[in-house]
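Only the coordinates and a few stated rules stand behind these numbers; no lab work does. This is a predicted model, so every value here is computed, not measured. Virtual Cβ from ideal backbone geometry, glycine too; neighbours counted across all protein chains shown.
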Amino acid sequence: MKKKLSYQIGLVLAGCLLTGSVVAANQYIAKKPIVKNYMTIQPLYIQAVVMMKQGDMKGDMKGDMKSQSHDKHAHHHGKAREDSDIHLEVDVRTAKNSPYGFPEGSWMPYLMLHYRLAKKGSSWTSQGMLVPMAASDGPHYGDNVKLNGAGRYQLSVHFLPPDIPYHADKETRVEGWWKPFEEKWEFSYFGVGKKGGY
Ligand SMILES: [Cu+2]
């Protein structure tokens, strides 16, 4: 009886932990997705995640990332979850009537996204690449990111078009790629475990 009760309390506690800190809720950085070059673009963040690649050892990456010579690995998988505050994502999908040959609503692959973060009222900045990856909320460009505490941040993202061929003959041609461009957004971060933060 006693054992059963503590088991039930354990379950309730586990449930609280799950709903409190593990469930991913998107924090959208743009109030509305923007449409640029026939792409719908929405930056957002969730709690920092564990990322793996084919050939990685199964199991908890946490010990893995810390113990072995993982510096070169960390490069491939982005920042380790425990060294990060958020997982920054940019969702890029093909908009209506795209002349580039990608169907509406589909994830836009083969882009290169470089981000820069700056904390308002300070000299703190951080930058890196957002790399393509798969997740339950769909494929996206992203990486784990360490911020500089609660505050107001500016996010700049530089978009490079796909470096792949496109058909150019009269019968099957699509439009040549758009020129590189940059977009800026601002957002407030309230800190790990806070509403609007993680
Ligand atoms: Cu991701």
Just to check I understand the Karplus step: with θ = phi - 60° and J = 6.51 cos²θ - 1.76 cosθ + 1.60, what whole-Hz values come out for the stretch 132-138, glycine and proline as x? x, 7, 9, 7, 4, 8, x
I need the phi-derived Karplus couplings for the stretch 94-103: 6.51 cos²θ - 1.76 cosθ + 1.60, θ = phi - 60°, integer Hz, Gly and Pro marked x. 6, 8, 4, 6, 5, x, 8, x, 10, x
Gained length - D163 relative to D137, 0.36 nm times residue gap less alpha-carbon distance: 6.8 nm
How high is the FRET efficiency from H114 to M57, r the C-beta distance, R0 45 Å, rounded to 0.05? 0.90
Which pairs, out of K32/K53; K36/K119; K53/K96; K53/K170, put more than 30 Å between their alpha-carbon atoms? K32/K53; K53/K96; K53/K170
